[in-house]
Amino acid sequence: MRRIILPVLVVFLISPFLKDSTPVHSNSLAFTHITVIDATGAPASADMTVVITDSRISDIGKTAEIPVPQGAQVVDGRGKFLIPGLWDMHVHWHEYKDYLRLFTANGVTGVRVMWGAPINFKWRREIEAGSLIGPRLVISSTIMDGPKPVWPGSVAISNEAEARKAVRTARKDGFDFIKVYSLLPRPAYFAIADEAKKQGLEFAGHVPIAVSPIEASDAGQKSIEHLTGILGGCSTREEELRRGFEDAYTKLPVGQRLPDPARLRPLTRMMLETFNQEKATTLFQRLSRNHTWQCPTLTVLRSSAFLDDPGFRNDPRLKYVPKEMRTAWNPANDFRFRARATEDFDLSRQLYKKQIELVGLMHRAGVEFIAGTDVSNPYCFPGFSLHDELSLMVEAGLSPMEALQTATYNAARFLGKQSEFGSVEKGKIADLVLLDADPLTDIRNTSRINSVIQNGRLLNRAELDRLLAEVEKAAKK
């Protein structure tokens, strides 16, 4: 769960599709003859004009009916598709400032940082001021975990008093929400839930081992990350599994952060073998009723399951990753994976297959989803992997529109920002992506990016390529 970030310099380039290549000093930008996919669930609208004034969409309608403001920069959008800017709702980025531009270059105009740090606030101010190219940032608290946290630097919490104090401190420090983790004791978890409500904060993260997913949902947890607790919550031996995992994770040798894989194998097999559709239906109905969102991060679940596959080491996107991170992604260098045997990876692949199935089952049951990747875990690339996540959502059973919504419309709803982001509609902030192909016929077309519009500023393909080249150069140092 390593953390990272990137800097960028602000540019305002003229698009190669200008009807008039003469530079225009104007605060208006117009896309004409464009196909708009507004991400509300409505069908695509062809031959549209979208006008942007300053940072907002000021007009939208059929090209024959919408006048282009005099002096506006005009982009001929014939054969192009306009979608909202994308959000990656689960990232870790606290280093490598120069690499933030990877998000922007891939059309990711906003991210939810799942382990906040003071540097994130500095970057947010710079991005908002226009002095740094990068995504909008929603910032969680420091991870709140049990008395022996999995990750150094987490807030170690043993009891209710410490839990309430940690929430109040996070509120004072200005974090946007609380991040909970796997080893929190039951009393501490419920104290966090109660204190967060008192402080006007939402909380999200892992379902702690000591808590059932139904209990977490009823307590008001806003989102569950990585499907934690879901498969166990569908088991006919749920309580036995919980006691087994608690015992494995809390009774560790001194200095050891995770149980030996051999202790977890029988528990994982038990989860897979005791899945019960009736229990699953009950759980999914509760998640839907409580609006407990799922951020499954299928990208990281897949990479964790297939990390021994040499194909990962040949991914061409590795050229954008700094050397020390590439080294850290080697399973031999990661405390979570170095003790795994072939048997463990085989079991992880079975688990991943079931997790893909769970996403489809939950979706059909009305459970709500947002897209996240868990950047910067192994082979979870800033910006690039959000497109992988959307493809995996479709593989799990969502339609291309539904998958697109997990990174646009749903993300805005989740954040309570639907009046500002998440769809291509009049009055919304102009965070948009111009595509060369239709994502509703093939979701992979979200990666066929022609231009990105962030806060009303146009970055054409040449400029996006320049940003990528700069990151590639930095990664070689």
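Data overview
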| read-out | value |
| --- | --- |
| Total residues in segment 382-399, condition surrounded by fewer than 24 Cβ atoms within 10 Å (Cβ to Cβ) and not in a helix (DSSP H, G or I) | 3 |
| Pairs, first buried (at least 17 other Cβ atoms within 10 Å of the Cβ) in segment 43-57, second among the acidic types (Asp, Glu), C-beta under 6 Å, six or more apart | Val51/Asp59 |
| Count - residues of segment 152-177 that are of a type outside the set (D, E, K, R), within 24 Å of Met89 (Cα to Cα) and surrounded by fewer than 18 Cβ atoms within 10 Å (Cβ to Cβ) | 4 |
| Residues of segment 289-333 classified as buried (at least 20 other Cβ atoms within 10 Å of the Cβ) and polar (S, T, N, Q), total | 6 |
| Subset of segment 59-82 [assigned to a strand (DSSP E or B), surrounded by fewer than 20 Cβ atoms within 10 Å (Cβ to Cβ) and out of contact with any Phe, Trp or Tyr (no Cβ under 8 Å at 6 or more places or on another chain)] | Asp59, Gly61, Lys62 |
| Single condition Ala129 does not satisfy, out of (1) in contact with a strand residue (DSSP E or B) (Cβ under 8 Å, 6 or more places away or on another chain); (2) free of Cβ contacts under 8 Å to residues at least 60 places away in the same chain; (3) farther than 21 Å from Ala196 by Cα | (1) |
| Residues (surrounded by fewer than 24 Cβ atoms within 10 Å (Cβ to Cβ) and either farther than 16 Å from Ile139 by Cα or touching a Gly at 6+ places or on another chain (Cβ under 9 Å) (or both)) located in segment 92-105 | His94, Tyr96, Lys97, Asp98 |
| Hits in segment 83-110 (condition: part of a helix (DSSP H, G or I) and under 15 Å from the mean Cα position of the chain (by Cα)) | Leu100, Leu102, Phe103, Thr104 |
| Within segment 358-375, considering residues that are in a loop (DSSP other than H, G, I, E, B) and under 11 Å from the mean Cα position of the chain (by Cα), the one farthest from Ala407 (Cα to Cα) | Asp374 |
| Search result, residues across segment 436-461 that are within 19 Å of Arg317 (Cβ to Cβ), in contact with a strand residue (DSSP E or B) (Cβ under 8 Å, 6 or more places away or on another chain) and either assigned to a strand (DSSP E or B) or not β-branched (Val, Ile, Thr) (or both) | Asn445, Arg448, Ile449, Val452, Arg461 |
| All positions within segment 1-53 that are in a loop (DSSP other than H, G, I, E, B), aromatic (Phe, Trp, Tyr) and either closer than 30 Å to Ile139 by Cα or at pLDDT 50 or above (or both) | Phe12 |
| Yes/no for Arg78 being farther than 21 Å from Ile429 by Cα, modelled with pLDDT of 95 or more and of a type in the set (Lys, Arg) | yes |
| Total residues in segment 334-346, condition in contact with a helix residue (DSSP H, G or I) (Cβ under 6 Å, 6 or more places away or on another chain) and surrounded by 13 or more Cβ atoms within 10 Å (Cβ to Cβ) | 4 |
| Subset of segment 142-196 that is free of Cβ contacts under 8 Å to residues at least 40 places away in the same chain, hydroxyl-bearing (Ser, Thr, Tyr) and in a loop (DSSP other than H, G, I, E, B) - its residue that is farthest from Phe414 (Cα to Cα) | Ser158 |
| Answer from Val180, Val108 - the residue that is in contact with a Leu (Cβ under 6 Å, 6 or more places away or on another chain), buried (at least 19 other Cβ atoms within 10 Å of the Cβ) and of a type in the set (A, V, I, L, M, F, W, C) | Val108 |
| Complete set of residues in segment 307-357 that are in contact (Cβ under 8 Å) with a residue 60 or more places away in the chain, of a type in the set (A, V, I, L, M) and assigned to a helix (DSSP H, G or I) | Met325, Ala328, Leu347, Leu351 |
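The values are calculated or read from the model by the stated rules, or taken from the named source; none is laboratory data. Remember, it's a predicted structure, so these values are computed and weren't measured experimentally. Every residue, glycine as well, gets a Cβ built from its backbone with ideal geometry; the counts of neighbours run over all protein chains shown.
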